[in-house]
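The values are calculated or read from the model by the stated rules, or taken from the named source; none is laboratory data. Nothing here was measured: the structure is a model prediction, and the numbers come from that model. Note: ideal-geometry Cβ built from the backbone for every residue, glycine included; neighbour counts use all protein chains shown.
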Amino acid sequence: MILGDMMNRKYIRERIKVVTVIIPTYKRADKIERAIKSVLNQTYKEIELIVVDDNNPDSEDRKNMEIKMKKYEEIPNFKYIKHERNKNGAVARNTGINIAQGEYVTFLDDDDYFPKERIEKLVNLLEENMQYNIAYTGGITCKDDNVICSFKVEPIKDYKKELLLNHSFIGTGSNIFVRSEALKSINGFDETFARHQDIEVLIRLLRNNSIIGLDECLVVKDNSDRNNQPNIENFIKVKKHFFEKFEKDINEYQDSNNIFFENYFFLLKQSVLIKDKKNFRLLKEEIGKYKRISVKENIALFKILIKRSIIKEYHKKIQLNMEEKELFEQFKKADN
């Protein structure tokens, strides 16, 4: 019986595995072909490609997407699925998961793309490390064809905590590579999340599955188009929803207040970047429930504020102690 199980596992490992790549798309007909071609050009050929169109049927974006997709209709294992209305990215990903035939599932945002050896290397990684069900790689972020930063695979003690802190070590939702049985066991993505979809699904996956990283740049995140970004008020709603769902997970940690703080501080910086004074004040009040903003964190905000020329407004709202004032003066001199 034991010998039979061993032989069965060996057969499963040696059999060529199909990888399902799911591309949800919305308003990016001009980008989608780069994403598709990066999948078709993979060195690994056992691929099922599913494009899920989340545009409204009567929109120009749907018409443009349909024109683009016609040239791929005859490609084996290519599926083009059209939603009857715009639903959101989580629903689009689940649409793909529900019809996926592959032993592995990975996702690709319509404006991101894969280097040609990505899928082959990740299949080999998980086939050689059967104790892991999730994999990810390093990658780069670009904007207007210029590299602006990179994200690497580094040792992490607690992956779930990193995600709860909003420290997204994977860099992009296009970096998730998972055994399909693990993904389907948690019923895919939570469709109530309009944002944080990749973080949400990974937290639940990591409750019962292990993750392994490959320290190579094998995914490219494109930040050129930011039209689909929510405003701060919507982001705050997403955060509150996130906290409601994962409150138990957060409270497992002794420094749970810091987890809440880090998430709200990220939004505070975003409010400064877009000069949203109203939500800046609201977020300051919210943050105060968990932790006092440190001198270092104040300086980080000052740097943004100086660049956005709203430092006077900030001085009106915050009373600085002498230490903070002295450090800020030093910072201004160094920044000039």
Those residues of region 168-188 which are out of contact with any strand residue (DSSP E or B) (no Cβ under 9 Å at 6 or more places or on another chain) and closer than 18 Å to residue 125 by Cα amount to 181
Condition set farther than 28 Å from residue 17 by Cβ and of a type in the set (A, V, I, L, M, F, W, C), scope region 61-83, selection surrounded by the most Cβ atoms within 10 Å (Cβ to Cβ): answer is 65
Give region 197-209 a look and list any residue that's in contact with a Lys or Arg (Cβ under 7 Å, 6 or more places away or on another chain) and either assigned to a loop (DSSP other than H, G, I, E, B) or not assigned by TED's automatic domain parsing to the domain that holds residue 121 (or both), or say none. 206
Quickly run through region 13-60 and pick out the residues that are surrounded by 19 or more Cβ atoms within 10 Å (Cβ to Cβ), without any contact (Cβ under 8 Å) to a residue 60 or more places away in the chain and within 18 Å of residue 221 (Cβ to Cβ). 36
Taking the criterion of being crowded, with 21+ Cβ neighbours inside 10 Å, over 23 Å from residue 261 (Cβ atoms) and touching a residue at least 40 places away in the same chain (Cβ under 8 Å), would at least one residue in region 205-215 satisfy it? yes
Mind checking which pairs have a first residue in region 259-286 that is of a type in the set (Asp, Glu) and a second that is surrounded by fewer than 18 Cβ atoms within 10 Å (Cβ to Cβ) and modelled with pLDDT of 85 or more, Cβ under 7 Å, 6 or more apart or different chains? 262/166
In region 36-82, anything among the β-branched types (Val, Ile, Thr) and touching a strand residue (DSSP E or B) at 6+ places or on another chain (Cβ under 8 Å) is listed as 36, 39, 47, 50, 51, 52, 75, 81
Taking region 93-114 and keeping residues in a helix (DSSP H, G or I) and under 15 Å from the mean Cα position of the chain (by Cα) leaves 93
Restricting the search to region 103-114, which residues are surrounded by 20 or more Cβ atoms within 10 Å (Cβ to Cβ) and either touching a Lys or Arg at 6+ places or on another chain (Cβ under 9 Å) or over 13 Å from residue 49 (Cβ atoms) (or both)? 104, 105, 106, 107, 109, 110, 111, 112, 113
